[in-house]
1. Would you mind computing, in nm to one decimal, how far apart the modelled labels at D111 and I92 are, each placed 7 Å from Cα along Cα→Cβ?
2. Output wanted: per-residue J couplings in Hz (rounded whole) for segment 112-117, from phi through Karplus 6.51 cos²θ - 1.76 cosθ + 1.60, θ = phi - 60°, x for Gly and Pro.
3. Considering amide H positions built from the backbone, and no H for Pro or chain starts, which residues 5 or more places from C84, or on another chain, come under 5 Å of its amide H?
Amino acid sequence: MFFNNSNKSNIILFLQTIFLILFICQKSYSQERAWTFVGTDEKETMSAYVDTNIQTQSNGNLFVWEKLIQADMNFVIGLVEWDCQQKRSRTIQQAFYDRYGEPLNLSKNSDWIYVIDGTLGAGIYRKVCRNSNSSSKINPKVLLAEITSLAASLREFPNINQCDSSSFKRRATDFS
């Protein structure tokens, strides 16, 4: 026999240790993100969230984690550099996931793109750069709009037919 009882015990202990380490790392990563809602695009096919922990670089640019959720519940999480003075951004890295959280693709380092008024990107720009002069962290107590929804995870949209508030649906252009 290739394995004796002692080796089996060591292998099981080793695998349990690896599982525990991976579980702890995954938990700490998911708890680091404090997502705040930004808005939806005009056709309501995508919703945007940004992490409230913003890193300010020595050149004044900001590094922000963004999460974009599509209507089919696939989503993208990316690290984006914002140049608030030039009103532009570029993706440092981003990962694409299916609706179940399984990774699909990874991309890095896009070119600079300029903000176009009336887009979801403009809403993200206002949310991120509005606070860049005062603090490197978004104050979650400052609301851009009152949003009423049913309790839902980020992977599920609430049934808007059950909402009694007309303020539930907001476009990025509503947050000026």
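1. For D111 paired with I92, the spin-label model returns 2.2 nm.
2. Once θ is set to phi - 60°, the couplings for segment 112-117 become 5, 10, 8, 5, 10, 4 Hz.
3. Counting only residues 5 or more places away or on other chains, the set is L62.
A short reminder: the numbers here are calculations on the coordinates, not readings from a lab. All of these numbers come straight from a predicted model, not from anything done at the bench. As a convention, Cβ positions derive from the backbone with ideal geometry for all residues, glycine included, and neighbour counts pool all protein chains shown.
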